[in-house]
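One structure is given here, and the rest of the page talks about it.
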Amino acid sequence: MHIHILGVGNLGRYIAYSLVRGADRPKVTLLFHKKELHREWKKSEGTIQMIQCQMLARPGFENKPLNHFKVEDIPYPGPRAPPIKHLIVTTKAPATAGAVHSIKGRLSKDSQILFVHNGLGAIDEVTDKVFPDPKTRPYYWAGVCEAGIYGHGPFQVVKAGEGPLVFGHSGARSCEVPDDRDNSFDLDFLHTLLATHPLDARLERPERLVYKQLRKLVVNSVINPLTAMYRCKNGEAFTRKEGQQLRDALVEEAGAVVRALLATRDDVAVKADFWGDGLRNYVEQIAYLTRENKSSMLQDIEAGRKTEIDYINGYLVRQAKRLRLPCEHHERIVQQIKELEANDAL
Ligand SMILES: NC(=O)C1=CN([C@@H]2O[C@H](COP(=O)(O)OP(=O)(O)OC[C@H]3O[C@@H](n4cnc5c(N)ncnc54)[C@H](OP(=O)(O)O)[C@@H]3O)[C@@H](O)[C@H]2O)C=CC1
Ligand SMILES: CC(C)(CO)C(=O)C(=O)O
């Protein structure tokens, strides 16, 4: 088994490290899209290290760095780029379609792609811009990662929060439940992912995966922009007085859009999870459990990077427009975050 990783940032490094620590020990190749990565790779002496957060205070007790990786440039330097059979894409949502496009020539119907990113809509872009033809489209998997990972040193990542990687067969469009009879998946790839113990990878049926993606979308659509706007940790998103009404309105609007997206599903219990106090309490619980974290959106704003707002609140706004539902609070917050992006990038 040979797995390529596209998007060699925090999550990509964590997944690459976990794969070679897993029971199957696949060959793992990191795809480098810029020269700086080679410089950093040299500094780390060609190793990746994953440190458990609690071990940071105990130097000498960290996991050993691992050196079982190959690296390859994008574009491939040789005359004929070998095909990629198993790919894990861990770019941020806005970069995903462009990144996959840059290695399109190496992918085919025989390839398996696992996408792991926050938000929704990036897979739709890959389908539209890279693989519009279903006859040549790879088999898609999507994952929701509940662990918290941040960078520490050259190719060194810290696992700050435990959580599984929930994954399953994905449709070519977000929220689409793919045909169960499509069994063209690669059993070895599935087995390798499930055998990757540090990832705590859990396979879900497609409709359950969509449910998990939507729950995460709602959580991110409330916690991320509020923490970015108020420059606060996740815990404060629910404890501060300021913005209480806005927070409740965001939960309510997001719930209504998601319920409409699930309208064709006859699973009443699932739809009930996106109603009123239950949904609000769920978001509050995640804010509490991750209370010491800085959300990824706040981190992006602080670093002057583009955020994933278009794939989180922006996704909800686009769906609300299509379904003719009100979504003014999310629409406004998208604008506010874009203004912050523009100001902080100056
Ligand atoms: N870190 C975490 O704890 C978790 C992250 N996630 C989600 O996972 C996704 C990735 O997050 P994270 O790893 O933290 O983000 P990072 O920014 O650390 O990693 C993304 C990587 O993709 C690279 N990239 C950008 N464009 C391309 C391209 N065209 N080709 C190849 N690589 C490219 C980036 O490089 P460059 O520096 O050039 O931009 C960067 O190294 C996000 O959607 C995030 O929300 C989900 C759960 C947990
Ligand atoms: C769950 C949460 C809010 C944890 O920080 C997250 O996913 C993010 O920051 O993007």
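Overview of results
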read-out: For peptides 28-38, 137-147, 329-339, sequence by mean Cβ density within 10 Å, most packed first; value: 137-147, 329-339, 28-38
read-out: Check: the stretch 2-204 dipole with +1 on Lys, Arg Cβ and -1 on Asp, Glu Cβ, in debye; value: 820 debye
read-out: Between the stretch 223-295 and the stretch 34-73, the Cα center-to-center distance that results, in Å; value: 35 Å
read-out: Entries in Lys135/Lys306; Lys70/Lys129; Lys42/Lys233 that, when Cα-Cα distance is taken, lie over 31 Å; value: Lys135/Lys306; Lys42/Lys233
read-out: Centroid-to-centroid separation of the stretch 167-195 and the stretch 305-346 [C-alpha atoms, Å]; value: 30 Å
read-out: Charge dipole (debye, nearest 20) of the chain; +1 at Cβ of Lys and Arg, -1 at Cβ of Asp and Glu; value: 740 debye
read-out: For peptides 282-295, 256-269, sequence by mean Cβ density within 10 Å, most packed first; value: 282-295, 256-269
read-out: Antiparallel %, DSSP beta bridges [both residues in the stretch 2-204], to 5; value: 25 percent
read-out: Ellipticity estimate at 222 nm from DSSP helix runs (n ≥ 4, -39,500 (n - 2.57)) divided over the chain, nearest 500; value: -13000 deg cm²/dmol
read-out: Charge dipole (the stretch 209-345, unit charges on Cβ, about Cα centre) - positive-most of Gly314, Leu250, Tyr288; value: Gly314
read-out: Assigned charges on the beta-carbon of Lys, Arg, Asp, Glu; the stretch 116-177 dipole about Cα centre (debye); value: 140 debye
read-out: Using θ = phi - 60° and Karplus 6.51 cos²θ - 1.76 cosθ + 1.60, couplings along the stretch 150-157 (whole Hz; Gly, Pro as x); value: 9, x, 10, x, x, 6, 10, 10
read-out: Most positive-pole-ward Cα, Gly168, Ile123, Val157, against dipole of the chain from beta carbon charges; value: Val157
read-out: Principal-axis tilt of helix 10-21 within the chain, Cα atoms, nearest 10 degrees; value: 50 degrees
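Any read-out appearing in this document is the output of simple, stated calculations on the displayed coordinates, not a laboratory observation. It should be emphasised that the depicted structure is a prediction, and the values quoted were computed from it without experimental measurement. Every residue, glycine among them, receives a Cβ derived from its backbone with ideal geometry; neighbour counts consider all protein chains shown.
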